[in-house]
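**Q** Quick one: structure below, then a few questions.
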Amino acid sequence: MMNQKIHNEVKSRFTEEFGADPIVVKAPGRINLIGEHTDYNDGFVLPAAVDQAIYLAVSKSGTAQSTLVSLDMNETFSFIVDDFQPSQSVSWANYIMGVVAEIQKSGREVEGFNMVFSGDVPQGSGMSSSAALECGTCFALNELFQLKIEKVDMVKMSQKAEHNYAGVMCGIMDQFASMMGAPDQALLLDCKSLAYQHFPIALTDHTIILCNSNVSHNLADSEYNIRRQQCEEGVAILQKSDPEIESLRDVTMDQLLAHKDEFSDVVFRRCKYVIEENDRVKKMTEAMSESRWATVGQILKVAQDGMRTEYEISCPEIDFMAGFANERSDVLGARMMGGGFGGCTINLVNKGSEDQFIDELNKAYQAEFKKEITPIKVLISDGVKRI
Ligand code: GLA
């Protein structure tokens, strides 16, 4: 479904501002059912594109100057396409300029363009608004300048934009999901080979509900990069005895345990979590294809424990929300979603109990933290497309 209101807003502001008729691209955020922090370890993930999206109205400017308008931030930013660098002050512009830089690195030419964008992917919620902006930008520029970039390369360029312009050494999951999503399908993605299959989400008796903790995760970017380094440290230790190991994806739990003494406690726990989480992706897809929903819920619960105690990416608010949900008989399971330190929990709730669950969670959360959760209903949708 399209958010007609946002679509109209970006279009009419574009015409007002630039006096031209733009193309409009819709770039979705994503959920992730399971497989957190496995992507940069060459592992497996199970994300899906959702209806919440960023809408970008774009056209050529006719000069080297590009002007970007963020309706949600109420900010305008300009740059020259053949002479620019990351902005220290306007962080959202980096996602867009980062993509332009990657397209240029691939030997293609980008002329000046104008853009107005807005969306309903809540920022800092673990729903990948930044990947949506990157993928939407890449897709729009590909259309506008007929660059003939393959979708998978747009995914990689968008990921690199985040590395090089936003400084977050993210994996490929978010950009992949935003670009390749399909209605009612999750993507079971092998982050090493990038082979993927659409995996149907056929819920009849349950609903997926996201609950946004409304905790903005300031620490998230630096802690994210630290997690990645810790995993690399673990791989380096294991490579000493087995040079064939390229990533944690190649490591079994027995192998890890056999070398436990060589690890610091922290690095050991990080690696243990990743190996277990990869295994959870496989187990969850098996359970889903056999409609064993209680098992799916159980896996969510165990994953939350792993994020809390082993990978240490949770926070008090999320612990409270997931803990509250996981004690209820009308919730099969809940865990934090995304990079960590806040954002949303993903909850698998019995049909018919949704409102009561949200209401009771919200009351308990308010009593504890003096702020509200925001419930988000998700519809699994298409990947990036022109509308
Ligand atoms: C962020 C990153 C992804 C992934 C998740 C955690 O969303 O951008 O690449 O690592 O965190 O699973």
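**Q** Can you tell which of Gly107, Gly35 is small (Gly, Ala, Ser) and either touching a residue at least 12 places away in the same chain (Cβ under 8 Å) or within 30 Å of Thr285 (Cβ to Cβ) (or both)?
**A** Answer to the check: Gly35.
**Q** Pairs under 6 Å by beta carbon, first residue within 17 Å of Glu223 (Cα to Cα) in region 309-332, partner polar (S, T, N, Q), six or more apart or different chains?
**A** Ile318/Ser213
**Q** Can you confirm whether region 202-225 contains a residue that is more than 16 Å from the ligand (Cβ to nearest atom), modelled with pLDDT under 95 and surrounded by 13 or more Cβ atoms within 10 Å (Cβ to Cβ)?
**A** yes
**Q** When the residues of region 236-251 are filtered to those that are away from the ligand (no atom under 16 Å from the Cβ) and part of a helix (DSSP H, G or I), which remaining residue is surrounded by the most Cβ atoms within 10 Å (Cβ to Cβ)?
**A** Leu238
**Q** May I ask you to list the residues in region 252-284 that are open to solvent by less than 10 Å² (accessible area, probe 1.4 Å) and of a type in the set (A, V, I, L, M)?
**A** Matches in region 252-284: Leu256, Val267, Val274, Val281, Met284.
**Q** I've got another one for you. Count, please, the residues in region 33-46 that happen to be within 10 Å of the ligand (Cβ to nearest atom) and either among the acidic types (Asp, Glu) or surrounded by fewer than 24 Cβ atoms within 10 Å (Cβ to Cβ) (or both).
**A** Within region 33-46, the first condition is being within 10 Å of the ligand (Cβ to nearest atom), and the residues that meet it are 34-41, 43, 45.
Applying the additional criterion that residues be either among the acidic types (Asp, Glu) or surrounded by fewer than 24 Cβ atoms within 10 Å (Cβ to Cβ) (or both) yields 36, 39-40.
Adding up the residues that qualify gives 3.
**Q** Considering each residue of region 365-381, count those that are open to solvent by 60 Å² or more (accessible area, probe 1.4 Å) and either charged (D, E, K, R) or more than 30 Å from Gln185 (Cα to Cα) (or both), and give that number.
**A** So the answer is 7.
**Q** Could you tell me whether any residue of region 13-25 is more than 16 Å from the ligand (Cβ to nearest atom), within 22 Å of Ala166 (Cβ to Cβ) and touching a helix residue (DSSP H, G or I) at 6+ places or on another chain (Cβ under 9 Å)?
**A** yes
**Q** Could you tell me which of the residues Asp174, Asp120 is surrounded by 24 or more Cβ atoms within 10 Å (Cβ to Cβ), under 27 Å from Cys211 (Cα atoms), touching a helix residue (DSSP H, G or I) at 6+ places or on another chain (Cβ under 7 Å) and in contact (Cβ under 8 Å) with a residue 60 or more places away in the chain?
**A** It is Asp174.
**Q** What's the number of the only condition in (1) farther than 21 Å from Val215 by Cβ; (2) open to solvent by 40 Å² or more (accessible area, probe 1.4 Å); (3) away from the ligand (no atom under 16 Å from the Cβ) that Lys301 fails to meet?
**A** Looking at each condition in turn, Lys301 falls short on (1).
**Q** For region 68-113, enumerate the residues that are in contact with a Lys or Arg (Cβ under 8 Å, 6 or more places away or on another chain) and open to solvent by less than 50 Å² (accessible area, probe 1.4 Å).
**A** Val69, Leu71, Gly98, Glu102, Gly112, Phe113
The values are calculated or read from the model by the stated rules, or taken from the named source; none is laboratory data. Since the structure is predicted, the reported quantities are computational estimates derived from the model, not experimental observations. No Cβ is skipped: glycine too gets one built from the backbone with ideal geometry, and neighbour counts run over all protein chains shown. We work out accessible area using only protein heavy atoms, side chains counted, and drop any ligands, DNA or RNA first. Shrake-Rupley method; radii C 1.70, N 1.55, O 1.52, S 1.80 Å.
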